[in-house]
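Working notes, structure below.
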Amino acid sequence: MKRAHRMPFGAEATEDGRTRFRLWAPRANAVDIALERDGAKRTHAMRATDGGLFEAVVDDAPAGTRYAFRIDGRDAVPDPASRWNPEDVHGPSVVVDPGEYSWQDGAWHGRAWHQAVIYELHVGTFTPEGTFTAAIDRLGHVKSLGVTAIELMPVADFAGARNWGYDGVLLYAPDASYGTPSDLKRLVDAAHAHDLMVLLDVVYNHFGPEGNYLPEIAPEFFNAAHQTPWGPAINYDGECNRAVRDFVIHNALYWLEEYHFDGLRLDAVHAIVDTSPRHIVMELADTVRKAMPSDRHVHLVLENDGNTARYLTRATDGTPLHATAQWNDDAHHALHVILTGETDAYYADYARRPARYLARCLAEGYAYQGEWSSFRGRTRGEPSAALPLDAFVNFLQNHDQVGNRAFGERIDAFAPTNALRAAVACLLLSPSPPMLFMGEEFAASSPFLFFCDFEGELADAVRRGRRAEFARFPAFSDPSVRERIPDPNARETFERCRLRWQECNEPGHRDWLELYRRCLAIRRDRLVPLLGRPIERSGRYHVREDDAFTVTWQLESGMRWQLDANLSDRAVDIGAAQGEVVFACGIDVPQTREPEKLPAWGVRVSLRRA
């Protein structure tokens, strides 16, 4: 089976065997294309067409041909829509024939979202080799864990060989440090063979600081009327915005069609500036929904600090009208405060009765649904209780929450073990889809630090900026302490982040792995079969003065799933369980009588008919 997404720009094969090149350069007077194949070089003038596009249809420029554009006689630049740039972001682009890869997953239509258990991973640090191909060998572990979807941190081409991925500049080109386009397709194909969905993190709110030639090629791609932390905003609402919006929408369709990804995670949509009547997130989501076959499951997940519930609206049959789900930072922040007592920065909004915020998240989605946020100095969020619980992805760890710590420590390095075990149970055995961060399941000892691969003044600026971020925290008030923060550009910083897979079989680490497998097996066998058609859109929660809480969800077939949690350091009276206890953490369940007390950090999950 062959798959290709046809784009109105970039390099595309034509039906007669030639290659058509297109570039949007609305201010250019002349554009030439420089080609190289088998050492032979040639140049073609491109013809100006409507809307600022330049086009050339070329004989004998098959797959593997290197090409670059010269605008008004200036130095050659890569194609913004390059499918591959093997010599990094400053080098020439390469013509790719999507038909060269033969897909083996013709029977794959994806998985329903209520089955989702997500595993976020960074390709470069997931394995010792750090490649798409090497990741295939770990899919068996992920599947046996009970995961149903892997989520790749961004793979769009970035400057250098090491990066989190959020500095991408060539949005259509998988970074060559991870492998070839065909290697990425093999990874997706292999995941589908393991019955795993594959989601891709994409960034449409900014471009990286090095290798972005769009300001030179098409200054109209940015709107100086809106300034962001990365400079002028991407132009979704100014003059000539149609070409920009099409570039991003085609990118989403490209990953879903040509690479057969099962969904996309849209990074920081709250940082997208768009004052047009139809926000780009809405247009992108609606276009994807219309383009995908009716029998295919495709999911769009947002990161959105604004807690904008209208992006998650459902049709009368429960299917998403726009986005499928959102990362629920509220649930993470409340849990983090409970486990660590840290109340710096945004955690301050959860410092008072964090258990109540957590219970509300588990029952209704957002903790902040229009309430005042002291940290932000404004109200935050929209009501979410009418949304289904699968619209919210809950997690204990992700790349941000680990990597944005100065030393990249995972939460098991500083949270009490019994407390953390209780938190794991709460998330994995609640109806909302849970997400794990690679290595979390075996309490990996490797940190996840902030790393990149810049040079010169940019590298110095990133190094200084990283350390300056922490100057306002009391623990880093001493400059000598800040100097201990790892240099993001040092290769050693990156190498320290690689997972040590041998830990899975080591004492301590193995115990964590067993807990995750046990909880996810219960989720798969007992909870997921009841999630296909929720009777009530949200759960109901009750929080006691002692910060223990109960959340109850009415699910399919008249069944009620109940979570009793005591996330405190003292025993709490909760009464006997009403129904079958399917899981207990921190307590022993007698054969003849259920416990009426939850000890410190105790969790009980029960199932009964309403």
Subset of the stretch 547-563 (residues that are over 16 Å from Arg523 (Cα atoms) and either touching a Ser or Thr at 6+ places or on another chain (Cβ under 6 Å) or loosely packed, with under 14 Cβ neighbours inside 10 Å (or both)): Asp547, Ser557, Gly558
In the stretch 333-361, how many residues are out of contact with any helix residue (DSSP H, G or I) (no Cβ under 6 Å at 6 or more places or on another chain) and crowded, with 20+ Cβ neighbours inside 10 Å? 5
Across the stretch 130-145, what is the total count of residues that are in contact with an Asp or Glu (Cβ under 6 Å, 6 or more places away or on another chain) and within 15 Å of Asp189 (Cβ to Cβ)? 2
In the list Val95, Val89, Val77, Val58, which residue meets the criterion of being touching a helix residue (DSSP H, G or I) at 6+ places or on another chain (Cβ under 8 Å) and either at pLDDT 95 or above or among the hydrophobic types (A, V, I, L, M, F, W, C) (or both)? Val77
Does Arg352 satisfy the criteria of being at pLDDT 95 or above and either assigned to a loop (DSSP other than H, G, I, E, B) or more than 22 Å from the chain's Cα centre (by Cα) (or both)? no
What number goes with the only condition from (1) within 22 Å of Ala459 (Cα to Cα); (2) without any contact (Cβ under 8 Å) to a residue 24 or more places away in the chain; (3) among the small types (Gly, Ala, Ser) that Gly160 does not pass? (2)
Picked from the stretch 485-517 (must be touching a residue at least 24 places away in the same chain (Cβ under 8 Å) and either among the acidic types (Asp, Glu) or surrounded by fewer than 16 Cβ atoms within 10 Å (Cβ to Cβ) (or both)), the residue farthest from Thr131 (Cα to Cα) is Gly508
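Listed here are the residues, each with its yes/no results for (1) aromatic (Phe, Trp, Tyr); (2) closer than 28 Å to Phe158 by Cα; (3) out of contact with any Ser or Thr (no Cβ under 8 Å at 6 or more places or on another chain).
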position	(1), (2), (3)
Leu428	no, no, yes
Ala443	no, no, yes
Gly456	no, yes, yes
Arg464	no, yes, yes
Phe473	yes, no, yes
Val481	no, no, yes
Members of the stretch 314-330 found to be touching a residue at least 24 places away in the same chain (Cβ under 8 Å) and assigned to a loop (DSSP other than H, G, I, E, B), listed by number: Gly318, Leu321, His322, Ala323, Thr324, Asn328
Determine, yes or no, whether Arg482 is exposed (fewer than 14 other Cβ atoms within 10 Å of the Cβ) and either of a type in the set (A, V, I, L, M) or over 18 Å from the mean Cα position of the chain (by Cα) (or both). no
Of Asp262, Asp267, Asp246, the only residue that is in contact (Cβ under 8 Å) with a residue 24 or more places away in the chain and touching an Asp or Glu at 6+ places or on another chain (Cβ under 8 Å) is Asp267
Take Tyr259 and decide whether it is in contact with a His (Cβ under 7 Å, 6 or more places away or on another chain), under 14 Å from Leu171 (Cβ atoms) and either buried (at least 19 other Cβ atoms within 10 Å of the Cβ) or at pLDDT 95 or above (or both). no
Out of Ala40, Ala81, Ala28, Ala61, report the one residue that is free of Cβ contacts under 8 Å to residues at least 40 places away in the same chain and at negative phi. Ala40
Does Ala309 satisfy the criteria of being among the small types (Gly, Ala, Ser) and under 17 Å from the mean Cα position of the chain (by Cα)? no
Glu15 fails exactly one of (1) within 29 Å of Met292 (Cα to Cα); (2) under 35 Å from the mean Cα position of the chain (by Cα), namely (2)
Residue check for Ala135: at pLDDT 95 or above, out of contact with any helix residue (DSSP H, G or I) (no Cβ under 8 Å at 6 or more places or on another chain) and among the aliphatic types (A, V, I, L, M): no
For residues that are under 28 Å from Pro320 (Cα atoms) and at pLDDT below 90, tally how many sit in the stretch 527-586. 10
State whether one or more residues within the stretch 381-393 are under 19 Å from the mean Cα position of the chain (by Cα), among the aliphatic types (A, V, I, L, M), within 30 Å of Thr493 (Cα to Cα) and at pLDDT 95 or above. yes
Which of the residues belonging to the stretch 19-41 are surrounded by 15 or more Cβ atoms within 10 Å (Cβ to Cβ) and in a loop (DSSP other than H, G, I, E, B)? Ala25, Pro26, Ala28
Might you let me know whether the stretch 369-391 holds any residue that is in contact with a Ser or Thr (Cβ under 8 Å, 6 or more places away or on another chain), closer than 16 Å to Asp329 by Cβ, part of a helix (DSSP H, G or I) and among the small types (Gly, Ala, Ser)? yes
Go through Pro232, Pro209, Pro219 for me and flag whichever is without any contact (Cβ under 8 Å) to a residue 12 or more places away in the chain and farther than 30 Å from Ala112 by Cβ. Pro232
When you go through (1) free of Cβ contacts under 8 Å to residues at least 24 places away in the same chain; (2) crowded, with 19+ Cβ neighbours inside 10 Å one by one for Phe437, which number turns out not to apply? (1)
Just a yes or no: is a residue in the stretch 167-189 farther than 20 Å from Thr125 by Cβ, touching a helix residue (DSSP H, G or I) at 6+ places or on another chain (Cβ under 6 Å) and polar (S, T, N, Q)? no
Would you check which residues across the stretch 102-134 are under 30 Å from Leu527 (Cβ atoms) and not aliphatic (A, V, I, L, M) and list them? Asp105, Trp108, His109, Gly110, Arg111, Trp113, His114, Gln115, Tyr119, Glu120, His122, Phe126
Restricting the stretch 456-484 to residues that are without any contact (Cβ under 8 Å) to a residue 12 or more places away in the chain and among the acidic types (Asp, Glu), which is nearest to Asp88 (Cα to Cα)? Glu457
Look through Gly124, Gly140, Gly179 and report the one residue that is touching a Gly at 6+ places or on another chain (Cβ under 6 Å), over 22 Å from Asn394 (Cβ atoms) and among the small types (Gly, Ala, Ser). Gly124
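The values are calculated or read from the model by the stated rules, or taken from the named source; none is laboratory data. Being a predicted model, the structure only gives us computed values, none of them experimental. For neighbour counting, all protein chains shown are included, and Cβ atoms are generated from backbone atoms with ideal geometry for every residue, glycine included.
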